[in-house]
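Undergrad: Let me begin by handing over the structure; questions about it come next.
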Amino acid sequence: MSYITKSPWLVHYDGSSCNGCDIEVLACLTPLYDVERFGIVNTGNPKHADIFLVTGGVNTQNLPVVKQIYEQIPEPKVVIAVGTCACSGGVFHDCYNMLGGMDKAIPVDVYVPGCAARPESIIDGVVKGLSVLEEKQKALAVPAREKQALREKELEPEMAINKSQEAGK
Amino acid sequence: MSLFALLIGVPLIAAFLVFCLRGNGARNVIVPLASAVTMGLSVAAAVKFFGHPEFFKLAAPELPMVIMALDIIAAVVILYYTLVRFKRPWIALLELVQLGAVFWFEKTVGHSIDIAANIAIDNFAMIMVLIVGIIGSLIAVFSLGYMEEFQKEHRDVEDRRPFFFFVIFLFLSAMFGLVISNNLLLMYTCWEITSLCSFLLIGYTQTEEAINNSFKALWMNLLGGMAFAIAIVWLGLEYSTVELSMLVNLGRSSEPVNLAVALLVFCGFTKAAMMPFSGWLLGAMVAPTPTSALLHSSTMVKAGVFLIIKLCPILGANHTGLMTMFVGGATFLFASCAAISQSDGKKVLAYSTISNLGLIVCCAGIGSYEAAWTAIMIIVFHAVAKSLMFLSVGTAEQQLESRNIENFDGMFCSMPRLSLCMIIGICGMFLAPFGMLISKWAAMKAFVDAGHPLLLLVLVFGSSTTLFYWTKWLGKITAFIPAKENLEEGIHGVQWIALRVLSALTIITCILFPGISQYGVIPYLEVTYQTNMDVIARSNLLIMSMMVILLVVLPLRFGKGRKQKQVVTNLAGENSGDNLSYRGAAGQTIPVTLRNWYMEKWFGEAKMKLCGFILCGSCLLIEFAIILGGAFHV
Amino acid sequence: MSEMVLNIISGIAYLILAPVIGGLLAGLDRKISARMQRRVGPPVLQPFYDFFKLWDKQPIAVNEAQRFYVFGFLLFVIISGLFFFTHGDILLVVFTLTMASVCFIVAAYSSNSPYSQVGAERELVQTMAYEPMLLLMALGFYLKCGSFSIDTILKAPSMNFIYMPGIFIGLSFILLIKFRKSPFDLSMSHEVHQELIRGVITEISGRTLAMIELAHWYENVFLLGFVYLFFAWSAPWSPALAVLMCLFTYFSDVLVDNCCSRVKWEQMLSSTWLVTLVAGFVNIMFLMYMR
């Protein structure tokens, strides 16, 4: 049973936005939308998080920062890009320092467009992210022996075929 | 008896040999040999006399002459330093008055006093012999390596190593004499010799600071010596005895010996650096580390509390007991608080020593069976752990060129074996299940049974503040900073011997705690208090021993387990990659510096000293006024 | 059944049931806090979901040492609790708990990160703040019941609270610190709140973090056990009252948590020591002279 969908903790980072989406993210935590009822907790700490909720785009200064935060999050993890700036750079796209959306720095799993993205869209995006998370968790949970077998199949197909032929005999 | 003659004689002979044969090679042979022999003799003496207390008359008519001669020699040396070398006439006056008093006493009344026993051997004295013999020898051996490095580093300090070792061995000899004497005149002589040794060793580097601090130590200790002398004279005149055991018996039969007891306790206060006389111990930290380890934590200051504990049965509910409790308790609390605001490693250790001595004195002042048990157990554990700590800090100082705790971070990776010794020392000082903690447990029981609520307050707050500064230090050492190089190469083999043996001893004494209590301390208390009981239930002591074993075994699990992916620390995503610096504003790389809390406004040294000095000083004045009034009433 | 067998059964029950009870209490805490804020809040079993999720995360760490120290913390908390529930010596429980706290603080120090460091210093100040009161509580029990043994305390002829109200007030005060509730949650706050990112546990992740959660559940249960000692005595119906009072204490702490904001360490230290002196020490003096 995958507990990760019952207890997704997120870390929120703002790349280069107007903070409008950040305020909408905070609104999700308020009693009106109350994401805590899904077990979602905004820990500010990447080492404790499962979901990397990013707003804003990537610029030359925050490129290494975003990468470093992403690396500190333990597997399984998903990245949810909230707002148009995070998806593609938004209104700041053509600025001299902007590199684009978050996918220029890290692999993004869910895109939530909007300027600013509404809390309902954000929650929807997080729920979609949860299903991606569950798949990743299942992939991680494949037992070691099976993984070894899969690897053997890929790297040494003749050996694997020989083994199954022998087993067949 | 010949065993004790050897015990005193061997270090004495070694002292003269080391002084005369000035070469390094000769010293490197004599010191380990003498230390090993001394250690062996101490263990032999303990094995022979544990459980068999005895009094020796030592009826030699030359003994008073020998004592007087030693007194005069010591006085001459002191006068030489205070009048000829350096101008300190008041201290010279102090010494002359004392010498005069004792001399006059011996000439007029002393030689007609009949002495039943000059030497008293009991379990407590044997415990002290073991401490001096084992720890003292180890420190002497350690000094061989340490002082060699010291002289190399401090080229401006004259190389007086023969003199250094001479004084160390002389001191060991005097300590042995001190703990076995029952004759107060003999004890007084040994006492003065230890004061002299301390003075000579503190001033070893001959810098201005060292000289000033050595004279501070000298006059405070001489003040105590004066009190000792007056006590001897008074006791001899009033009751025609110079024996400690007689004094205790007189006190037990409710004779008004309060004045003598109070004076002796005061003498113990100055030697054990109770407030307001704690300044000399802090100043003594300028001395080379072996001095601090030997004199100013494990042995000489223990002589002060040794005397007070010997007087334990006649303290308690009377004014002397109240004075002892109060001064000890206040010292314990305020020294412990002051240690929080210090970052110099040796100063923290000094304050910790003063604090623990204060606790011992407080227990001694209560005078009950439980309190005496606690006091003796604290002596044992404190001596072992504190000497280990001083030696570790000294070694670290040599390798790191600094003894500021803030510079000890990452020691776990750059000097793993040394930091392990230091960690054992720190844990041994305050953590359950080690011995000091058990002693604090017993102290709580003793204090609550004695019915003094203020003391309870002192104990609980003192324990908490103690926890603070030790854990701070522990955290600093265990900070994991992968080291570029191992800094342990320069440490001599002899230093490792001392460090490792003391670490092992810290752990072994904790595991053997029930045994030490059962076979070492309780027999002494049985004789003294005519009763026998377990202060802490045997089962609890066994649980503690098992926990120590668990703690020793547990680190074997260090580093085992699932493979972990290495990630950087959270520096808001701006970590440079090595955890040691981060990308700051305007493109600068800023190093990560972490500093402990010192809480100067709350626990500042000046504030704590003021509180402690005022409280203890006023207590001393008031209590002495009452006691003197009582004495003259008769 | 002999005393010893009962004690052993009690210890084993603690070992197995304490995480369950601790987790449920934590879940109820979050649910009630949510309702106080007019939200729905997470399900009551949420802490268990959190625990199992953390268990399966990828193992990452800043150094090899942290996991070891956290394991030591968990071990000594469990040992403390076992000493308590096998009716051992109450001072032994307090001292072993101190050992556990030191392990936890050293785990934070070992990471050499600024947030952990400040968190560790604050945790240390917190420990210094509540330690006197905890010791005075043990001494208070000794004065009232004549022994440090929990067996004797539980068999006391009269309710302990009647003679030790000041100490109980002191204990409730420091429980705010131990349960990591506002206004005293300086070093780390529980899941939903942040302080210094996550304070002492900033650099700790995955299974190691799950161990810390588990240790806190074990700890909370036997801290409530201290409250239990105030209200249970030889009367057969007293355990029910005691359990009720434990729940009452816990939930009033939740109430205080929701009403107060975090204070600075100076205020925490001074207020805790003041309460220790006024409530705790005066009570001790009363107990001493009443003897």
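Taken together, the values in this text are just the output of simple stated rules run on the coordinates, not laboratory data. These numbers were taken from a predicted model, which means no experiment stands behind them. Positions of Cβ are generated from backbone atoms using ideal geometry, with glycine treated the same way; all protein chains shown enter the neighbour counts.
Undergrad: Looking only at other chains, what is the average number of their beta-carbon atoms within 10 angstrom of each beta-carbon in B:456-467? The partial results should precede the final answer.
TA: Working: counts 9, 8, 0, 4, 12, 8, 1, 6, 12, 3, 2, 8.
Partner Cβ neighbours, averaged per residue: 6.
Undergrad: Can you tell me what the convex hull of the Cα atoms of region B:287-357 projects to on average, as an area in nm²?
TA: Values: hull surface 19.8 nm².
Across all orientations, region B:287-357 yields a mean hull projection of 5.0 nm².
Undergrad: With a length cut of 15 Å (Cα positions projected on each helix's long axis) and a Kyte-Doolittle mean of at least 1.6, go through chain B and give me the DSSP H helices that pass. It would help to have the intermediate numbers written out before the result.
TA: Values: long enough: B:2-20 (26 Å, 2.63); B:24-49 (37 Å, 1.10); B:63-79 (24 Å, 2.71); B:89-108 (28 Å, 0.92); B:136-153 (24 Å, 0.22); B:161-180 (29 Å, 2.24); B:184-202 (27 Å, 1.73); B:208-239 (46 Å, 0.78); B:258-271 (20 Å, 1.64); B:300-310 (16 Å, 1.77); B:319-340 (32 Å, 1.40); B:345-366 (32 Å, 1.17); B:369-400 (46 Å, 0.97); B:416-430 (22 Å, 1.67); B:435-450 (22 Å, 0.81); B:453-478 (38 Å, 1.05); B:493-511 (27 Å, 1.71); B:538-553 (23 Å, 2.06); B:605-633 (41 Å, 1.37).
Helices meeting the criterion: B:2-20, B:63-79, B:161-180, B:184-202, B:258-271, B:300-310, B:416-430, B:493-511, B:538-553.
Undergrad: State, to one decimal in nm, how far the label point of B:A5 lies from the label point of C:C259, with both points 7 Å from Cα in the Cβ direction.
TA: For B:A5 paired with C:C259, the spin-label model returns 8.1 nm.
Undergrad: Could you grab the Rg to Rh ratio for the protein assembly as shown? Cα atoms only, Kirkwood for Rh. All intermediate terms of the calculation are to be shown ahead of the outcome.
TA: On the way: Rg = 33.1 Å, Rh = 31.9 Å.
So for the protein assembly as shown, dividing Rg by the Kirkwood Rh gives 1.04.
Undergrad: Would any residue of region B:551-581 have its amide N under 13 Å from a label point 7 Å out along Cα→Cβ of C:Q58? List them or say none.
TA: Label zone hits: B:564-568.
Undergrad: Then there is this: Find how many whole Å separate the alpha carbon centroid of region B:555-582 from the alpha carbon centroid of region C:127-143.
TA: Cα centroid to Cα centroid, the span is 37 Å.
Undergrad: Rounded to the nearest 0.05, what FRET efficiency is calculated for B:L542 and B:N212 with R0 set to 51 Å and r the Cβ-Cβ distance?
TA: Working: r = 51 Å, r/R0 = 0.99.
For B:L542 and B:N212, the calculated efficiency is 0.50.
Undergrad: Further, regarding this structure: Can you give the average number of partner chain beta-carbon atoms within 10 Å of each beta-carbon in peptide B:419-429, as a whole number?
TA: Mean number of neighbouring Cβ atoms from other chains: 0.
Undergrad: Now for a separate question. Considering only DSSP beta bridges with both partners in the protein assembly as shown, what is the antiparallel share in %, to the nearest 5?
TA: Values: 13 of 30 bridges.
Here the antiparallel bridges make up roughly 45 percent for the protein assembly as shown.
Undergrad: Follow-up question, since we're still on this one. If each residue of separation counts as 0.36 nm, what is the full-extension length gain between B:S253 and B:E600 once their alpha-carbon separation is subtracted?
TA: Working: separation 347, 0.36 × 347 = 124.92 nm, distance 4.96 nm.
Gain on extension, B:S253 to B:E600, equals 120.0 nm.
Undergrad: Here is a further query. Could you line up C:H87, B:H382, B:H52 from fewest to most neighbouring Cβ atoms inside 10 Å?
TA: On the way: C:H87 20, B:H382 27, B:H52 11.
In increasing order of surrounding Cβ atoms, one gets B:H52, C:H87, B:H382.
Undergrad: Can you list residues from other chains, or at least 5 along the same chain, whose modelled amide H is less than 5 Å from the amide H of B:Y582?
TA: Those qualifying (amide H under 5 Å, at least 5 residues apart or on another chain) are B:S576, B:I590, B:V592.
Undergrad: What order do you get for B:143-152, B:563-572 when each peptide is scored by the mean count of other beta carbon atoms within 10 Å, highest first?
TA: Numbers: B:143-152: 20.1, B:563-572: 16.9.
Descending mean neighbour count gives B:143-152, B:563-572.
Undergrad: At a Förster radius of 60 Å, what calculated FRET efficiency corresponds to the Cβ-Cβ distance of B:S112 and C:S147, to the nearest 0.05? Numbers along the way, then the final one.
TA: Details: r = 55 Å, r/R0 = 0.91.
Efficiency for this residue pair is about 0.65.
Undergrad: For region B:461-531, what percent of Cα pairs sit more than 21 Å apart? Present the calculation step by step, with values, prior to reporting the outcome.
TA: Values: 1576 of 2485 pairs.
Percentage above 21 Å: 63.
Undergrad: Another one. How would you rank A:S131, A:S17, B:S576, going from fewest to most other Cβ atoms within 10 Å of each one's own Cβ? Walk me through the numbers before you get to the answer.
TA: Working: A:S131 13, A:S17 22, B:S576 17.
Ascending number of Cβ neighbours within 10 Å: A:S131, B:S576, A:S17.
Undergrad: Expressed as a whole percent, how much of the Cα-Cα distance distribution for region A:13-78 exceeds 13 Å?
TA: Working: 1442 of 2145 pairs.
Result: 67 percent of Cα pairs exceed 13 Å.
Undergrad: Counting only other residues whose beta carbon sits under 13 Å from that of C:S80, what net charge do I get with K and R as +1, D and E as -1?
TA: On the way: positive: C:K178; negative: C:D89, C:E219.
In short, -1.
Undergrad: Can you find, among B:F390, B:T478, B:A210, the residue farthest towards the positive end of the dipole of the protein assembly as shown? Put +1 on the C-beta of Lys and Arg, -1 on that of Asp and Glu.
TA: The residue sitting farthest along the positive end of the dipole is B:T478.
Undergrad: Rounded to the nearest Å, what's the spacing between the alpha carbon centres of region B:126-141 and region A:76-149? Just the number, please.
TA: Using only Cα atoms to place each centre, the spacing works out to 68 Å.
Undergrad: Please report, in debye to the nearest 20, how large the charge dipole of the protein assembly as shown is about its Cα centre when each Lys and Arg carries +1 at its beta carbon and each Asp and Glu carries -1 there.
TA: It comes to approximately 540 debye.
Undergrad: Turning to a different aspect of this structure: Tell me, what is the FRET efficiency for C:F248 and C:R38 to the nearest 0.05, using R0 = 25 angstrom and their Cβ-Cβ distance as r? Walk me through the intermediate numbers first.
TA: Values: r = 23 Å, r/R0 = 0.93.
It comes to 0.60.
Undergrad: Need the list of lysines near A:K128 for cross-linking: C-alpha distance under 29 angstrom, and skip anything on the same chain fewer than eight residues off.
TA: Within the straight-line limit of under 29 Å, A:K128 reaches these lysines: A:K6, A:K47, A:K67, A:K77, A:K104, A:K136, A:K138, A:K147, B:K565, C:K31, C:K53, C:K57.
Undergrad: Per residue of region C:259-271, in order, report the coupling 6.51 cos²θ - 1.76 cosθ + 1.60 (Karplus, θ = phi - 60°) as ³J(HN,Hα) in whole Hz, putting x for Gly and Pro.
TA: 8, 9, 9, 5, 9, 7, 5, 4, 5, 4, 4, 5, 5
Undergrad: Taking the Cβ of B:F277 as the centre, find all other residues whose Cβ is under 12 Å away and add up their charges (Lys, Arg: +1; Asp, Glu: -1). Let's see the in-between values first.
TA: Working: positive: B:K216, B:K271, B:K609; negative: none.
So the environment of B:F277 carries a net charge of +3.
Undergrad: Follow-up question, since we're still on this one. Once you compute Rg and the Kirkwood Rh from C-alpha atoms, what is the Rg to Rh ratio for region C:2-290? Don't skip to the answer; put the middle values down first.
TA: Values: Rg = 18.6 Å, Rh = 19.5 Å.
Using only Cα positions, Rg/Rh for region C:2-290 is 0.96.
Undergrad: 5 Å is the cut-off here: which amide hydrogens, built 1.01 Å from N in the peptide plane, fall below it relative to A:M98, excluding neighbours closer than 5 in sequence?
TA: none
Undergrad: Moving on. Taking the square root of 5 times each eigenvalue of the Cα gyration tensor, what semi-axes in Å does the equivalent ellipsoid of chain B have, largest first? All intermediate terms of the calculation are to be shown ahead of the outcome.
TA: Working: eigenvalues 328, 155, 118 Å².
Values for chain B, descending: 40, 28, 24 Å.
Undergrad: Within a Cβ distance under 10 Å of A:G83, other residues only, what is the Lys/Arg minus Asp/Glu net charge?
TA: Values: positive: none; negative: A:D14, A:D22, A:E24.
Here the charged neighbours net out to -3.
Undergrad: Can you list the HN-Hα couplings for region B:594-603, worked out from phi with the Karplus curve (6.51, -1.76, 1.60; θ = phi - 60°), rounded to whole Hz and with x for Gly and Pro?
TA: 10, 10, 6, 8, 10, 6, 4, 5, 8, 10
Undergrad: So, one more: What are the ³J(HN,Hα) couplings of region A:119-125, residue after residue, when phi is run through the Karplus curve with 6.51, -1.76, 1.60 and θ = phi - 60°? Round to Hz, x for glycine and proline.
TA: Once rounded to whole Hz, the list reads x, 5, 5, 4, 4, 4, x.
Undergrad: For peptide A:28-34, compute the average count of partner chain beta-carbon atoms within 10 Å of each residue's beta-carbon. The partial results should precede the final answer.
TA: On the way: counts 0, 2, 2, 6, 2, 1, 7.
Across the residues of A:28-34, the mean count of other-chain Cβ atoms within 10 Å is 3.
Undergrad: Gain in length, B:Y80 to B:F163, computed as 0.36 nm per residue apart minus the alpha-carbon separation, to one decimal in nm?
TA: On the way: separation 83, 0.36 × 83 = 29.88 nm, distance 1.65 nm.
Using 0.36 nm per residue and subtracting the Cα-Cα distance, I get 28.2 nm.
Undergrad: Would you mind working out the magnitude of the charge dipole of region C:2-290 relative to its Cα centre, with +1 at each Lys and Arg C-beta and -1 at each Asp and Glu C-beta, to the nearest 20 Debye? Provide the component values of the computation, followed by the final result.
TA: Working: 18 positive and 19 negative charges, 127 e Å.
It comes to approximately 620 debye.
Undergrad: Next question, about the same structure. Add -39500 (n - 2.57) for each DSSP H run of 4 or more in chain C, then divide by its residues: what number comes out at 222 nm, to the nearest 500 deg cm²/dmol?
TA: -24000 deg cm²/dmol
Undergrad: Could you list B:W219, B:W104 in order of exposure, starting from the residue whose Cβ has the fewest other Cβ atoms within 10 Å? Write down the numbers at each step before the final one.
TA: On the way: B:W219 19, B:W104 12.
Sorted ascending by nearby Cβ count, the order is B:W104, B:W219.
Undergrad: With only Lys, Arg, Asp and Glu charged, each at its Cβ (+1 for the first two, -1 for the last two), find how big the charge dipole of region A:36-122 is about the Cα centre; round to the nearest 20 debye. Don't skip to the end; give the middle numbers.
TA: Working: 6 positive and 8 negative charges, 22 e Å.
The calculated dipole for region A:36-122 is roughly 100 debye.
Undergrad: Under a straight-distance cross-link criterion of Cα-Cα below 26 Å, which lysines are reachable from B:K87, leaving out those fewer than 8 residues away in the same chain?
TA: Partners within reach: B:K216, B:K271.
Undergrad: In what sequence, highest mean first, do B:490-501, B:599-610, B:273-284 appear when ranked by Cβ atoms within 10 angstrom? Kindly include the intermediate steps, with their values, before the conclusion.
TA: Details: B:490-501: 18.6, B:599-610: 16.0, B:273-284: 25.3.
With the highest mean Cβ count within 10 Å placed first, the list reads B:273-284, B:490-501, B:599-610.
Undergrad: Here is a further query. Scan around B:N404 for amide H atoms under 5 Å from its own, H built in the peptide plane at 1.01 Å from N, and keep only partners 5 or more places away or cross-chain.
TA: B:G345
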